[in-house]
Amino acid sequence: MQRLAALLPRTGRHRAGLAWALGVLLVAAWTSPAVGISRDESVYFWAAESYATWWSRFLRSPGAALAEADRFFGPNHEHPPLAKTVYGLTHASLSRGLGADHRAGFRAGAFLFAAGLAWLLCLWGWDLAGRGGGLLAPALFFLVPRHFYHAHPAVLDLPLTTLWLATAYAFWRSLLARREGRPPWRAAVATGLLFGAAVATKHTAWFLPPLLLAWWLATHWREVAGGALRNRLRAVPPAFPAMAVLAPMLLVALWPWLWRETVPRFREYLAFHLRHENYPWHYLGTLLREPPFPLSYPFVVTALTVPAASLAAMAGGFLQSAARIVQALRRRAEAVDVRLESLLLVNALFPIALIAWPTVPIFGGVKHWLPAMPFLALLGARALVTAARLLAPSAPARVGAALAAAALLPATWQVQHTHPFGTAAYNEMAGGAAGAASLGMQRQFWGDNMAAVLPALNQHAAAGARVWFQEATWLAVTAYQRDGVLRGDLRWANGAEDADISIWHYHQEFRDREFLTWTAFGTARPVTGAYLDEVPLVQVYARPGAWR
Amino acid sequence: MSRPHYLGPTYRLGSEPPPEEPKGIRRAWKRLQPRLWPLRARHGAAFLAAAVAGLGLHGLLFMARLPGRLPTGLDWRAAAALVERDARPGDAVALAPVWAERAREVLPEKLPAFKGAPLVVMAYPRYPLAVEDLVGVRRVWLLSLPEAPGADRTIARDLEARSTGRDGPQRLGAIEVTRYDLRTPVLPLAFLPDRLTSARVRLGDAPCPVRPDGAFRCPGPPWLRVAREVREVDLLPRPCLHAHPGPDPGAPLTIEFSEVPMGRVLRGHTGIVAEAALRGSSPVSLTVKVDGEELGAAQEPPRKPGWHAFEMETTRFAGSRRTLAFAIAAPDSGARWFCFDAMTLP
């Protein structure tokens with residue numbers, strides 16, 4: 001027991017962080033089987049297995065493996081490999097090694113990223129507002145249905161969010177160390193490596209250095225504007241050169257696809273994202289297809305998806321931080337650290353503002369500005385703790401607990417209610433899924449809600465039936481079959497005409513697929529479906545005789 | 001025993017009477033004012049706490065009330081049983097809100113008591129006469145979820161406005177069932193998409209043979225076909241004749257219906273299917289001939305999604321049976337997934 005205790009972190013904040021991380025890991029693993037395989041995730045499964053196979057070959061026979069790098073890293077080379085490599089390694093360890101099902105094996109890597117995010121939120125929340133901040137910040141983040149959903153699939157958005165927060169935290173620690181006269185190099189190197197991991201996860205991370213640089217110039221302009229050049233150069237935080245040097249090295253080191261024709265391939269990768277196509281997206285009754293997209297989009301979607309009381313806490317935290325800056329600038333609040341406040345604010349705002357830019361693609365909903373949400377959770381947690389201290393100086397814990405309960409109980413209920421349909425979740429301000437459907441909001445995306453009808457499909461589909469899976473990819477279908485979630489005798493159909501069964505995923509822009517099914521099957525009556533608050537997400541049609 | 005003062009009766013200068021104490025709201029405001037102004041951090045904290053507590057309570061109430069606002073399986077089955085029992089040929093079902101399409105899963109497609117007469121389930125956002133013909137429908141059963149979040153009475157008002165009377169609403173759990181009797185039902189003498197099997201189709205002069213599935217296949221690429229389908233036009237389902245124009249504008253795709261009972265009007269709609277409505281740059285022309293004589297033409301404009309109505313006067317043919325030919329052509333046939341319907345009306 002003593003040995004076990006010795007393994008535990010020594011400080012309370014780290015213990016709380018560890019508890020949060022373990023909690024998130026276990027809950028994500030427990031609730032994961034109900035979450036279907038999304039389009040992107042199916043591709044990442046395929047890529048992850050390929051990358052992990054290559055690394056194991058590389059360790060055994062580097063020379064031979066190098067010749068095969070292009071073949072193994074060809075799958076999904078439009079996205080960098082880190083998260084997928086982690087998924088491949090957890091899959092190799094848990095599924096191949098210990099016999100866990102394949103989906104759980106890949107997703108274990110995603111749970112680790114989610115756990116890491118919980119830990120970081122607890123640490124930074126603790127730094128900002130003590131124990132209450134440490135306990136509340138992860139809760140405010142993960143008890144949002146869409147965020148909770150993103151803790152499950154082996155995709156790139158939550159890992160990027162974790163690494164964005166980690167980079168910003170390490171960057172801040174490096175500045176703090178310098179200010180306090182401690183050597184900043186450790187934190188600076190960590191910043192460089194974490195940023196490298198972020199760009200090796202998703203291209204969005206490339207926005208971090210300009211953001212941090214702009215923030216630093218704005219908050220340190222006195223040090224930059226005057227004095228000798230030598231002093232000015234000395235003022236530059238070591239985290240910047242660390243990011244500039246270490247990140248590209250790490251990106252290339254982790255991505256063997258870039259080991260040949262590095263520059264042209266890097267250009268190809270960037271070009272893919274600079275010229276990304278726009279998918280149709282339903283927003284307030286209009287099917288948005290091409291830019292310019294409305295500026296309001298990410299703000300409205302955030303307001304309609306984050307549980308209202310949690311959102312109020314986050315908004316309150318944002319305003320509190322802005323007010324603290326104003327107070328400090330008026331020299332009315334000496335203790336306020338304007339730099340920290342502004343760092344939190346710009347990180348909370350920038351990812352949302354980026355998507356608000358009218359020419360930036362908007363498909364994917366909140367996942368594209370997910371990196372902002374941990375910062376809003378941190379600010380919200382601090383705001384609740386501060387409010388409790390101000391309102392009840394003699395019993396802040398009790399009032400804080402009451403406020404936390406007011407914010408988190410409805411949020412927890414919503415998470416439980418909408419799981420596993422995270423991409424279809426809307427808050428009470430929208431009126432839930434039903435209200436959002438009436439408002440004409442995007443009903444779902446990614447094709448993973450099909451998992452809800454698979455038990456019925458397994459039970460009723462005729463032997464050897466040909467199924468038109470529509471939004472679910474062939475890779476997702478084979479992944480389901482490999483795990484025994486979908487019957488192996490069911491075959492892939494390319495359209496309504498050659499299908500016996502058609503699985504319609506509600507997407508406004510694809511409605512012709514449903515009507516084609518009516519024509520081909522001679523019926524407009526589904527045999528089963530998946531509904532959230534009576535709103536159809538997936539409906540299954542069958543030819544006469546194909547559904548027993 | 002006290003005696004009077006030797007200076008006589010005491011005399012004091014009168015003082016100002018004390019100000020009258022404010023009462024009611026003014027008194028409360030006087031006490032509250034120093035606490036409210038100037039603004040301090042405490043005020044912000046109180047406001048945040050009130051907002052979080054209020055919204056938290058609202059969130060809990062919303063979640064607690066939600067199941068009661070939405071129909072259960074039993075409610076759906078009860079509504080289906082009612083419609084199945086009381087509906088008759090010429091009836092259709094409308095849904096409000098439009099997303100309540102679970103109804104398709106529970107309602108019968110055909111009415112067993114009337115030799116399998118079809119029961120169409122409609123999920124259109126609006127039902128004014130100018131927007132939806134409701135071809136062949138005499139009565140509409142509105143299945144609505146009045147308590148559902150986001151529900152409103154727009155659809156009920158539309159149906160009310162074009163009805164002579166209504167029966168209901170009848171409440172079945174969270175579902176309300178109301179029957180509307182349409183004032184002027186659109187009852188065509190002939191709805192031409194339903195007559196496709198007896199039509200003749202040709203591309204230019206080349207005949208397009210009919211296939212076992214009832215579609216006509218013209219010589220050339222596989223999309224040169226004519227079929228009776230339900231297709232998405234401007235995001236809504238439209239039963240129509242899918243007839244993609246051929247690549248040569250000089251060789252129109254012609255669909256000829258013989259022995260069509262004529263009335264005073266030929267009415268129809270044209271549209272481009274699904275996302276193709278946003279692609280392609282060419283208009284599509286639909287020329288109508290009666291016994292070889294041109295009656296008129298409709299034109300489907302490019303990049304203007306919609307189910308565009310056309311109407312041609314046919315009084316001089318009323319009461320007779322004629323051959324109706326529809327010729328479809330486009331200067332550039334790229335992405336012209338053309339769909340149309342047409343009907344003769346008395």
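FYI, it's all coordinate maths here, none of it is from the lab. Since the structure is predicted, the reported quantities are computational estimates derived from the model, not experimental observations. No Cβ is skipped: glycine too gets one built from the backbone with ideal geometry, and neighbour counts run over all protein chains shown.
Return the inverse of the average 1/r over all pairs of distinct C-alpha atoms in region A:145-295, which is the Kirkwood hydrodynamic radius, in Å to one decimal.
Taking every pair of different Cα atoms in region A:145-295, averaging 1/r and inverting gives 17.9 Å.
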Normalised alpha carbon radius of gyration of region A:143-214 [divisor 2.2 N^0.38 Å]: 1.25
What list of ³J(HN,Hα) values in whole Hz, one per residue of region A:532-548 in order, does the Karplus curve 6.51 cos²θ - 1.76 cosθ + 1.60 (θ = phi - 60°) give from phi, with Gly and Pro shown as x? 10, 6, 6, 8, x, 9, 9, 10, 10, 10, 9, 5, x, x, 8, 10, 9
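What net charge is computed for the residues neighbouring residue A:75, neighbours being all others with C-beta under 12 Å from the C-beta of residue A:75, Lys and Arg scored +1, Asp and Glu -1? Intermediate results must be reported in sequence, preceding the final value.
On the way: positive: A:71, A:84; negative: A:49, A:70, A:78.
Result for the local shell: -1.
So what is the 222 nm mean residue ellipticity for chain A from helices alone, if each DSSP H run of at least 4 adds -39500 (n - 2.57) and you divide by all residues, rounding to the nearest 500 deg cm²/dmol? Walk me through the intermediate numbers first.
On the way: 24 runs with 335 residues, N = 548.
Roughly -19500 deg cm²/dmol at 222 nm, from the helical runs in chain A.
Tell me, what does the Kirkwood hydrodynamic radius of region B:230-346 come to in angstroms if you use every pair of distinct C-alpha atoms?
Details: mean 1/r = 0.0700 Å⁻¹.
Kirkwood hydrodynamic radius for region B:230-346: 14.3 Å.
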Under 29 Å between C-alpha atoms, the lysine pairs in the protein assembly as shown lying 8 or more places apart or on different chains count 4
Mind listing the long-range amide H neighbours of residue B:190? Cut-off is under 5 Å, sequence gap 5 or more, other chains count too, H placed in the peptide plane at 1.01 Å from N. B:344
Over the protein assembly as shown, what is the percentage of antiparallel beta bridges among all DSSP beta bridges, to the nearest 5? 85 percent
Can you tell me the 0 to 90 degree angle between the C-alpha axis of helix A:39-60 and the longest principal axis of chain A, rounded to 10? 70 degrees
Choice from B:263, B:24, B:246 with maximal GNM fluctuation in chain B (Cα, 10 Å cutoff): B:24
Dividing the helical contributions, -39500 (n - 2.57) per DSSP H run of n ≥ 4, by the residues of chain B yields a 222 nm value, nearest 500 deg cm²/dmol, of -6500 deg cm²/dmol
If you average over every viewing direction, what projected area does the convex hull of the Cα atoms of chain B give, in nm²? 37.2 nm²
Rounded to the nearest 20 debye, dipole of chain A from Cβ charges on Lys, Arg, Asp, Glu: 2080 debye
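Going by the alpha-carbon gyration tensor, a ≥ b ≥ c the square roots of its eigenvalues, is region A:224-304 rounded (a/c under 1.5) or, if a/c is not under 1.5, prolate (a/b greater than b/c) versus oblate?
Working: a/c = 3.25, a/b = 1.48, b/c = 2.19.
Taking the square roots of the gyration eigenvalues as a ≥ b ≥ c, region A:224-304 is oblate.
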Which listed residue (A:62, B:186, A:43) has the Cα farthest towards the positive end of the charge dipole for the protein assembly as shown, taking +1 on Lys and Arg C-beta and -1 on Asp and Glu C-beta about the Cα centre? A:62
Enter the mean number of other protein chain beta carbons within 10 Å of the beta carbon of each residue in A:432-441, as an integer. 6
Estimated vicinal HN-Hα couplings, Hz - region B:110-122 in sequence order (Karplus 6.51, -1.76, 1.60; Gly, Pro = x): 9, 8, x, 6, 10, 6, x, 4, x, 10, 7, 9, 10
Neighbouring partner chain Cβ atoms per residue of B:63-73, average, 10 Å criterion: 3
For region A:1-121, what is the charge dipole size about the Cα centre, in debye to the nearest 20, if Lys and Arg each add +1 at the Cβ and Asp and Glu each add -1 at the Cβ? 560 debye
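Mind pulling the per residue volume of the convex hull built on the Cα atoms of region A:354-442? Å³ is fine. Let's see the in-between values first.
Numbers: hull volume 11.0 nm³, N = 89.
It comes to 123 Å³ per residue, whole-number rounded.
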Taking 8 Å as the Cα distance limit and 6 or more residues as the minimum spacing, I'd like the relative contact order of chain A as a percentage. 16 percent
For region A:210-367, with the dipole built from +1 on Lys and Arg beta-carbon atoms and -1 on Asp and Glu ones, taken about the Cα centre, which of A:212, A:291, A:352 lies farthest toward the positive end? A:212
Could you sort the peptides A:140-148, A:49-57, B:62-70 by per-residue average Cβ neighbour count (10 Å cutoff), highest mean leading? A:140-148, A:49-57, B:62-70
Cα centre as origin, Lys/Arg/Asp/Glu Cβ charges: chain B dipole, Debye: 1920 debye
In whole Hz and in residue order, list the ³J(HN,Hα) couplings for region B:85-91 that follow from phi through the Karplus curve 6.51 cos²θ - 1.76 cosθ + 1.60, θ = phi - 60°; x for Gly and Pro. 6, 9, 6, 9, x, x, 9
Below 8 Å between Cα atoms, with a sequence gap of 6+, how large is the relative contact order for region A:471-548 in percent? 28 percent
For a footprinting-style exposure proxy, rank B:235, A:379 by other Cβ within 10 Å, fewest first. B:235, A:379
Residue A:429 long-range amide H proximity, modeled H, under 5 Å: A:308
Cα-based Debye curve of region A:64-172 sampled at q = 0.16, 0.19, 0.22 Å⁻¹ gives log₁₀ I(q)/I(0) of -0.81, -1.00, -1.15
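When you count, for each residue, the other Cβ atoms within 10 Å and take the mean per peptide, how do A:264-270, A:328-334 rank with the highest first? Numbers along the way, then the final one.
On the way: A:264-270: 13.9, A:328-334: 10.9.
With the highest mean Cβ count within 10 Å placed first, the list reads A:264-270, A:328-334.
Once you list every other residue whose beta carbon is under 12 Å from the beta carbon of residue B:222, what net charge do they have if Lys and Arg are +1 and Asp and Glu are -1? Mind showing how you got there, number by number?
Details: positive: B:211, B:217, B:225; negative: A:497.
It works out to a net charge of +2.
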Amide H partners (placed H, <5 Å) of residue B:233, local residues excluded: B:238, B:274
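Using only the alpha carbons of region A:2-156, what is the convex hull's orientation-averaged projected area in square nanometres? Please list the in-between numbers first.
Working: hull surface 45.1 nm².
One quarter of the hull surface, i.e. the mean projection, equals 11.3 nm².
Please report the net charge: other residues with Cβ closer than 11 Å to the Cβ of residue B:165, K and R +1, D and E -1.
On the way: positive: B:139, B:166, B:179, B:183; negative: B:160, B:167, B:181.
Local charge sum for residue B:165: +1.
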Cα radius of gyration and Dmax for region B:140-255 (Å): 21.1, 60
Could you check how many percent of all C-alpha pairs in the protein assembly as shown are farther apart than 57 Å? 23 percent
Is the shape of region B:189-247 rounded, prolate or oblate, going by the alpha carbon gyration tensor and its root eigenvalues a ≥ b ≥ c, with a/c under 1.5 for rounded and a/b larger than b/c for prolate? oblate
Just going by the charge dipole of the protein assembly as shown, with Lys and Arg at +1 and Asp and Glu at -1 on Cβ, which of A:12, B:165, A:304 is farthest out on the positive end? A:12
Can you list the cysteines of chain B that have no other Cys Cβ under 4.7 Å away? none
